[in-house]
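Colleague: Just passing along the structure, written as structure tokens.
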Amino acid sequence: MTILRSVVVGGGSALPSRCVSNATLAETVDTSDDWIVQRTGIRQRYLCGPGETTSVLGARAARAALDDAGLTPNDIDLVICATSTPDHTFPSTATQIQAALGIHQGFAFDLQAVCAGFVYAVATADKFLTSGSARRALVVGAETFSRILDWEDRTTCVLFGDGAGAIVLEAQDGQGTIADRGVLASSLRSDGRHRDKLYVDGGPGSTGTTGHLRMSGKEVFRFAVGSVTDVILDAFNATGTTADDLDWFVPHQANRRIIEASADKLGIARDKVVLTVDRHGNTSAASIPLALDVARKDGRIKHGDLVMIEAIGGGFTWGAALIRW
Ligand code: UT7
């Protein structure tokens, strides 16, 4: 019996033109390269300039993914953009990407689950594709967090960067086994009791302003290491796989210490962990597709590899997806 699977057929990414090292940041923020590297593993980040909006970066990443897949705009009937930093309150960034690429059929929407947004978007696209509601989806994670940072708050402004990444998912026939290519399992969670640990202190329905990011770093850290492994275990259990079966672990890139502690806890060997937080900083929903693109282009992630993606973000929201590449 065949079943539909959502198979990755292309990927792409986009970064702003300005790269800012820790040392450069330390010229205007009371911080140091040593502190940032020791606490987070971040060495540099890309920050957007005039004209580099979330939809502009998202469209660049989406176009690259389409080219990589050898497809045209006519082939796409679903666009999901995971973002918490849309160009405008509405219309959605996804419709702006749709227009920029010349995609005139199908449907497009934004998905907001902060840093877990890309995992949520992959799981959502998978539902549309495997139910037959869409045939090919562009799944984009795009963010310009530099525009919601309080640059006077050194405890947060050194952590984030801007960027975008995208993949194309295509509905293809599979055999219903874990040897199939495609999304094999996903698990999503949220718990709004933690909503005030990582949030933005403004919005269209409250202050009428954009607001700034606020974070209780230690509490986020503790939760990220202590609790989010449940969704990964869900994905392992649903497929009968274990950490030993993984080829690559591509977690949300917020902090090297969180990533390594999570991998150790799950028994995932350190050499299977894709780390890009050093070069991108925390790019929220863009961090996983950016990391996937790096590991795909440098030859690490290949067809047939088993890849676990995982993220936690404000809300809290968290999730994981197991993908046969
Ligand atoms: O995407 C998901 C959301 N984000 C995360 O996953 C982030 C989770 N949290 C973290 O990564 C860590 O908690 C941080 C990197 C944010 C902070 O690391 P920490 O080890 O928890 O440091 P801390 O907040 O306990 O601060 C330690 C010291 C403090 O000084 P005192 O009070 O010990 O004298 C801070 O004032 O470091 C000081 N500090 C800084 N020093 C230099 C805080 N920020 C900075 C800075 N530069 N940028």
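Colleague: Sticking with the crude label model, points 7 Å out along Cα→Cβ, report the distance from C19 to T207 in nm, one decimal please.
Modeller: Computed distance between label sites C19 and T207 equals 3.4 nm.
Colleague: OK, next. With a 1.4 Å probe and all protein chains in place, put T95, T207, T241, T28 in order of accessible area, largest first.
Modeller: Highest to lowest solvent-accessible surface, that is T28, T207, T95, T241.
Colleague: Could you work out which residue, out of F145, F90, F221, moves most in a Gaussian network model of the chain, that is, has the largest mean-square fluctuation with Cα springs under 10 Å?
Modeller: Residue with maximal mean-square fluctuation among F145, F90, F221: F90.
Colleague: Can you sort D278, D305, D68, D271 by 1.4 Å-probe accessible area, starting with the largest?
Modeller: D271, D68, D278, D305
Colleague: Please state the shape class of region 42-100: rounded when a/c is under 1.5, otherwise prolate if a/b exceeds b/c and oblate if not, all from the C-alpha gyration tensor.
Modeller: oblate
Colleague: Around A82, which amide H atoms from residues at least 5 apart in sequence, or from another chain, sit under 5 Å from its own amide H, with H modelled in the peptide plane?
Modeller: L111, V140, G141, A142
Colleague: When the chain is modelled as a GNM with alpha-carbon springs shorter than 10 Å, which of L78, L233, L188 fluctuates the most?
Modeller: L233
Colleague: For T239 and A269 in the same chain, what is the full-extension length gain: residue separation times 0.36 nm, less their Cα-Cα distance, in nm?
Modeller: 8.8 nm
Colleague: If you don't mind, there's one more thing I want to ask. Within 10 Å, Cβ to Cβ, of V37, how many net charges do the neighbouring residues add up to if Lys/Arg are +1 and Asp/Glu are -1? Write out the running numbers ahead of the final one.
Modeller: Details: positive: R39, R43, R256; negative: D33, D34, D278.
Once all neighbours under 10 Å are counted, the net charge is 0.
Colleague: Given a cut-off of under 8 Å on Cα pairs at least six residues apart, what relative contact order in percent is computed for region 182-324? Let's see the in-between values first.
Modeller: Numbers: 241 pairs, mean separation 53.6, N = 143.
It rounds to 38 percent for region 182-324.
Colleague: With θ taken as phi - 60° and the coefficients 6.51, -1.76 and 1.60, list the Karplus ³J(HN,Hα) couplings across region 6-14 in order, rounded to whole Hz; mark glycine and proline as x.
Modeller: Ordered by residue, 3J(HN,Hα) equals 8, 9, 6, 10, x, x, x, 8, 8 Hz.
Colleague: Sticking with this one: Name the residues whose placed amide hydrogens come within less than 5 Å of the amide hydrogen of I76, ignoring near sequence neighbours (fewer than 5 apart) on the same chain.
Modeller: Long-range HN contacts for I76: none found.
Colleague: Moving to a separate point now. Setting aside same-chain residues fewer than 8 positions from K197, which lysines have a Cα under 17 Å from its Cα?
Modeller: Of all the lysines, those that pass the test against K197 - Cα under 17 Å, at least 8 places apart if same chain - are K218.
Colleague: So, one more: Can you tell me what the convex hull of the Cα atoms of the chain projects to on average, as an area in nm²?
Modeller: 15.4 nm²
Colleague: Now for a different question. Which residue fluctuates the most in the chain, going by a Gaussian network model with Cα springs under 10 Å, if the choices are T210, T283, T54?
Modeller: Of T210, T283, T54, the most mobile in the Gaussian network model is T210.
Colleague: When a/c reaches 1.5 or more, the comparison of a/b and b/c decides; with that in mind, is region 52-135 rounded, prolate or oblate per its Cα gyration tensor?
Modeller: It comes out oblate by the Cα gyration axes.
Colleague: While we're here: Sort all Cα-Cα distances of region 182-324 into consecutive 10 angstrom bins from zero, then give the percent of pairs in each bin up to the one containing the longest distance.
Modeller: In order of increasing distance, the bins hold 11, 41, 32, 12, 3 percent.
Colleague: Still on this structure, I have one more. Any of K265/K302; K127/K302; K265/K297 with alpha carbons more than 30 Å apart? Name them for me.
Modeller: Violating the 30 Å limit, Cα to Cα: no pairs.
Colleague: Return the calculated 222 nm mean residue ellipticity for the chain, to the nearest 500 deg cm²/dmol, obtained by summing -39500 (n - 2.57) across DSSP H runs with n ≥ 4 and dividing by the residue count. Present the calculation step by step, with values, prior to reporting the outcome.
Modeller: Numbers: 11 runs with 103 residues, N = 325.
Calculated from helices alone, the mean residue ellipticity at 222 nm is -9000 deg cm²/dmol.
Colleague: Normalised by the residues of region 110-213, what does the relative contact order come to in percent, with Cα pairs under 8 Å and at least six apart?
Modeller: Relative contact order comes out at 24 percent.
Colleague: Same structure, new question: Give the share of C-alpha pairs in each 10 angstrom bin for region 100-217, from 0 to the last occupied bin, in whole percents, shortest bins first.
Modeller: 11, 33, 30, 20, 6, 0
Colleague: Quick one: which residues, 5 or more positions from R214 or on another chain, have an amide H under 5 Å from its amide H? H modelled 1.01 Å from N in the peptide plane, none for Pro or chain starts.
Modeller: Distant-sequence amide H within range of R214: Y199, V200, D201.
Colleague: Which value, in debye to the nearest 20, gives the size of the charge dipole of the chain about its Cα centre, when Lys and Arg are +1 and Asp and Glu are -1 at the Cβ? If you can, show how the numbers build up before the last one.
Modeller: Details: 31 positive and 37 negative charges, 28 e Å.
For this selection, approximately 140 debye.
Colleague: Taking 8 Å as the Cα distance limit and 6 or more residues as the minimum spacing, I'd like the relative contact order of the chain as a percentage.
Modeller: About 26 percent, as a whole number.
The values are calculated or read from the model by the stated rules, or taken from the named source; none is laboratory data. What you are looking at is a predicted structure, and each value in this text was computed from that prediction instead of being measured. For neighbour counting, all protein chains shown are included, and Cβ atoms are generated from backbone atoms with ideal geometry for every residue, glycine included. Heads up: the accessible areas ignore ligands, DNA and RNA and are worked out on the full protein's heavy atoms, side chains in. Shrake-Rupley method; radii C 1.70, N 1.55, O 1.52, S 1.80 Å.
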